[in-house]
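Where a number appears in this text, it was derived from the coordinates with a stated rule and is not lab data. Just so we're clear, the structure is a prediction, and the values are computed from it rather than from any experiment. Here the Cβ is made from the backbone with ideal geometry for all residues, glycine too, and neighbour counts use every protein chain on show.
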């Protein structure tokens, strides 16, 4: 249920944006979920809806749209690019779970498939972020 | 694009009365030992205490306190395990004893993630063990944690004090509270530290003598609390009050 903490951060952000921009109604929020963090979408959705009901009961559940994004990792040494999905099948479960909690732990357990370097960039699909919040004043 | 984690960190820390970042410009001056033993002092004096190891590339507080075989509990976030009265959080739960080669952006993301998902609950004091230098980690905690003060550690060496002075100057420039400077590994009375930081108006909290017993006590909390190091640090923080 670590997803709960991240869901709470999303709702907290919506709440802050309502106050900051004096919004009366939220019409659409797009939340991106990066592949690397391996968020359980069912748990995340349940947590979002539950926290939303206590924080911002005026915001409708259906206004939050979840979109997943595949990861792109890029080696700083040889510039090779690859996706987390290509690594995961060969990794022990505890290492995969550690990356779920802290995506940058990928640098501990993963290496560039081309040159073996741990020096790579998480270019896309890291974790949870809000792409946009639309509302009416 | 909004990073939602930045909006919850204040809430995560709102029930912590005092946050102390233990830092110092140079490596090898005993910051982690001070942070660990200070956490022990706080806990032994009845304070609800947390310790967060933010030396992400070289975490060591778990070695000093002999913490192993524990893991945070998952419940709407991660609840740090409590060991010897200290709620303890570190990257070692995830990285184990493996090296974590991290660039600045990764360090920032890990600090933000840890502050987002860690559920500390009610604490009297949270101690942060900072890495050496005034780069990403220090800039991030200054950016992310509003109610925090620095405890700056040095040793009686011109080089260490010289580097520490730079940290004191930037903290002063940014109006970040500094509770004071702690002199570690003192071999004899010397005016060196007071002379070198005299113009900064930052208090010297006290000195801890070089304690060769600390190495033998590392990893054993009972032995640590018997060291002169523990007693002197405890006196500095609790005898004066």
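What residue among B:165, B:61, B:154 shows peak mean-square fluctuation when chain B is described by a Gaussian network model with Cα springs under 10 Å? Of B:165, B:61, B:154, the most mobile in the Gaussian network model is B:165.
For the peptides A:3-11, B:14-22, the ranking by mean Cβ contacts within 10 Å, running from highest to lowest, is A:3-11, B:14-22. DSSP finds beta bridges in chain B, and of those with both partners inside it, around 10 percent are antiparallel. Rounded to 0.05, the FRET efficiency of the residue B:70 and residue A:16 pair, given R0 = 51 Å and the Cβ-Cβ distance, is 0.90. Output the 0 to 90 degree angle, nearest 10, between the alpha-carbon long axis of helix B:31-44 and the longest principal axis computed from the alpha carbons of chain B. It is inclined by approximately 80 degrees.
The relative contact order of chain B, computed from alpha carbon pairs under 8 Å that lie at least 6 residues apart in sequence, is 27 percent.
Size of segment B:33-160 from its Cα atoms: along the principal axes, largest to smallest, the extents are 43, 34, 30 Å. Helix content alone sets the calculated 222 nm mean residue ellipticity of chain B: runs of n ≥ 4 DSSP H residues at -39500 (n - 2.57) each, divided across all residues, give -10000 deg cm²/dmol.
Summarised in one figure, the compactness ratio Rg/Rh of chain B, Cα atoms and Kirkwood Rh, is 0.94. Taking the alpha carbon gyration tensor of segment A:72-124, what are the square roots of 5 times its eigenvalues, largest first, to the nearest whole Å? Equivalent-ellipsoid dimensions as semi-axes: 18, 11, 9 Å. Shielding of peptide B:73-84 by partners, expressed as the average count of other chain Cβ atoms within 10 Å per residue Cβ, is 3. Mean per-residue shielding of peptide A:42-51 is 0, counting Cβ atoms of other chains within 10 Å of each Cβ.
The length gained on full extension between residue A:27 and residue A:94, counted as 0.36 nm times the residue separation minus their Cα-Cα distance, comes to 20.2 nm. The calculated 222 nm mean residue ellipticity attributable to helices in chain A amounts to -11500 deg cm²/dmol, summing -39500 (n - 2.57) over DSSP H runs of n ≥ 4 and dividing by all residues. Counted over the protein assembly as shown, the DSSP beta bridges are approximately 35% antiparallel.
Helix B:104-117 and the longest principal axis of the C-alpha atoms of chain B enclose an angle of approximately 70°. In a GNM of chain B with a 10 Å cut-off on Cα contacts, which of B:164, B:148, B:196 has the highest mean-square fluctuation? Of B:164, B:148, B:196, the Gaussian network model singles out B:196 as fluctuating most. Seen against the Cα atoms of chain B and their longest principal axis, helix B:158-173 is set at about 50 degrees.
Taking chain B as a Gaussian network of alpha-carbon nodes connected by springs under 10 Å, the highest mean-square fluctuation of the residues B:105, B:212, B:186 belongs to B:105. For chain A, DSSP calls about 70 percent of its internal beta bridges antiparallel. Full extension of the chain between residue A:53 and residue A:65 yields a length gain of 2.7 nm, computed as 0.36 nm times the residue separation minus the alpha carbon distance.
Put in order of Cβ neighbour count within 10 Å, fewest first, the listed residues A:107, A:100 become A:100, A:107. Compactness of the protein assembly as shown was expressed as the Cα radius of gyration divided by 2.2 N^0.38 Å, which yields 1.06.
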